[in-house]
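The values are calculated or read from the model by the stated rules, or taken from the named source; none is laboratory data. Owing to the predicted nature of the structure, the values given are computational and were not obtained by experimental measurement. Glycine gets a Cβ as well: all are built from the backbone with ideal geometry, and neighbour counts include every protein chain shown.
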Amino acid sequence: MAALWLLSAAIMVITIVGIPWARAAFNIAVYALLPFGHEAVNRAEYTGQEDVGTGPLGVIGNLIWLVFAGWWLALAHLIIALGLAITIIGLPFAWAHLKLAGIALWPIGKMIVPIDDEGTRPLAYRSPRSQS
């Protein structure tokens with residue numbers, strides 16, 4: 001699946017107009033290779049400030065992404081998740097592909113961040129009291 005994400009990133013770069021989407025596709029390709037210990041979060045919630053990708057232009061960009069690339073990448077992740085869910089060993093990987101299917105539909109404005117040691121929340125979401 002990471003190869004499909006890299007292929008979509010390469011196609012986007014070739015079109016020149018798709019360069020903003022290519023960066024998102026490349027980041028998700030890396031996440032597809034190493035999904036455990038990381039989580040995709042909303043960039044505005046993580047950083048605490050709005051930017052181009054989290055505002056109205058991000059919604060327009062996500063709609064364009066959904067039409068041209070998102071639906072077939074999400075479908076591929078769902079098919080792979082169904083295949084992996086057949087075995088007990090494949091269940092964690094199936095869950096990872098289900099998360100990737102959601103990201104495939106609406107990637108702009110998302111950010112891949114590490115999860116804390118307890119495996120519950122991204123590091124930036126921890127309260128100051130929980131860091132001691």
Among 32, 25, 40, the single one that is outside any helix (DSSP H, G or I), small (Gly, Ala, Ser) and surrounded by 15 or more Cβ atoms within 10 Å (Cβ to Cβ) is 40
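Filtering the stretch 89-114 down to residues that are touching a Lys or Arg at 6+ places or on another chain (Cβ under 7 Å) and aliphatic (A, V, I, L, M), which residue is surrounded by the most Cβ atoms within 10 Å (Cβ to Cβ)?
103
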Note to self: One residue is enough: does the stretch 18-26 have a residue meeting the conditions touching a residue at least 12 places away in the same chain (Cβ under 8 Å) and over 22 Å from residue 72 (Cα atoms)?
What the structure shows: no
Residue count, the stretch 39-59, condition out of contact with any helix residue (DSSP H, G or I) (no Cβ under 6 Å at 6 or more places or on another chain) and among the aliphatic types (A, V, I, L, M), comes to 4
Report task. For residue 69, state whether it is under 18 Å from residue 105 (Cβ atoms) and within 12 Å of the chain's Cα centre (by Cα). Result -> no
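For every residue, the table says whether it meets (1) small (Gly, Ala, Ser); (2) modelled with pLDDT of 85 or more; (3) closer than 17 Å to residue 108 by Cβ; (4) in a helix (DSSP H, G or I).
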| residue | (1), (2), (3), (4) |
| --- | --- |
| 44 | yes, no, yes, yes |
| 50 | no, no, yes, no |
| 62 | no, yes, yes, yes |
| 76 | yes, yes, no, yes |
